[in-house]
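Down below is the structure, laid out as structure tokens.
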Amino acid sequence: MWHKNSTDNVLPEGVRPVIKTLIGFVYGSESAEFRSAFGVAESVSRLRDATRRHSFGVLAEQAAAGTVRESRVRLQRVIPMVGNSFKPFFIGRFEVRGESVYLTGRFTMLGLVKIFMSIWFGFLLVAGITAVATGQGSPVLILGALGMFGAGVALVALGKWFARNDIAWLSNIIRSALGAQPAIVGTPVNAAPISLIQATPAIPMVLRVTALILVFSGAMGIWSAASGISSWQAGPGRSVITHFSSGFRRLGKL
């Protein structure tokens, strides 16, 4: 006779909650449903106009980018010069219920990221359990596996922390395009609306900081080149490099 918890009995007692937590940590998602004030065709058109087709062309300001079709909607928040594999994507589709049109879906990480992290965590769990069960694993090997396991958890957690406002931001873009308030499951999405002007500044802070760093690096490069200029002369069969005796003479040769 099959019991519901028969597979759980195979695992050690302390491993079960770890695996369940990992499943929610990696595969967790937040359901979302937006009611549109327009028909299907116009809803698709308005959402497509409010987003970009590809993330590669987002250079000056952050934007929502991805696929927008009636049967397939996949959107992400793209911030120039910022990459985050662990950010949430909205994946859903348009549905017609009676006289109303809804965009239903969920916010979750991409499937490829989930597969990669599953391989990472799965390999370390199997290796660690096998080493402990057989007694053949050295303390260094076990500590190394625990360290890599913790590094993977920290990596995912850090990526999710950096993307903590993406769900609310994307929801505001979708809500504005469809002209209606969303009915969304999840506290982060139900937060106060975000102003589109504030959400999409003309020049993001990361771009400003990068520009300042480049300007500073360029100025330092010019000064370094100016202070290191030497007098070069070519002679028969050889060249002679003579350093100037003073900075004024160096700068005068520019």
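Hey, among the residues in segment 136-171 that are charged (D, E, K, R) and part of a helix (DSSP H, G or I), which one's farthest from residue 74 (Cα to Cα)?
At the first step, the residues of segment 136-171 found to be charged (D, E, K, R) are 160, 164, 166.
Those left that are additionally part of a helix (DSSP H, G or I): 160, 166.
Numbers: 160: 18, 166: 14 Å.
Among residues in segment 136-171 that are charged (D, E, K, R) and part of a helix (DSSP H, G or I), the one farthest from residue 74 (Cα to Cα) is 160.
If you take the residues of segment 131-185 that are at pLDDT 85 or above and touching a Phe, Trp or Tyr at 6+ places or on another chain (Cβ under 6 Å), which of them is farthest from residue 42 (Cα to Cα)?
152
Here is a check on your reading of the model: is residue 194 touching an Asp or Glu at 6+ places or on another chain (Cβ under 8 Å), surrounded by 12 or more Cβ atoms within 10 Å (Cβ to Cβ) and at pLDDT below 80?
No, not satisfied.
Any residue in segment 97-119 that's surrounded by fewer than 16 Cβ atoms within 10 Å (Cβ to Cβ): show its pairings with residues that are modelled with pLDDT of 90 or more at Cβ separation under 7 Å, as long as the two are six or more apart or on different chains.
Cβ pairs passing all conditions: 100/35.
Restricting attention to segment 53-94, and to residues there that are surrounded by fewer than 16 Cβ atoms within 10 Å (Cβ to Cβ) and outside any loop (DSSP other than H, G, I, E, B), which single residue is farthest from the chain's Cα centre (by Cα)?
In this case the residue turns out to be 93.
Among the residues in segment 116-126, are any in contact with a strand residue (DSSP E or B) (Cβ under 7 Å, 6 or more places away or on another chain) and not in a loop (DSSP other than H, G, I, E, B)?
No, segment 116-126 contains no residue that is in contact with a strand residue (DSSP E or B) (Cβ under 7 Å, 6 or more places away or on another chain) and not in a loop (DSSP other than H, G, I, E, B).
The values are calculated or read from the model by the stated rules, or taken from the named source; none is laboratory data. Being a predicted model, the structure only gives us computed values, none of them experimental. Here Cβ is always computed from backbone atoms with ideal geometry, including for glycine, and neighbour counts include all displayed protein chains.
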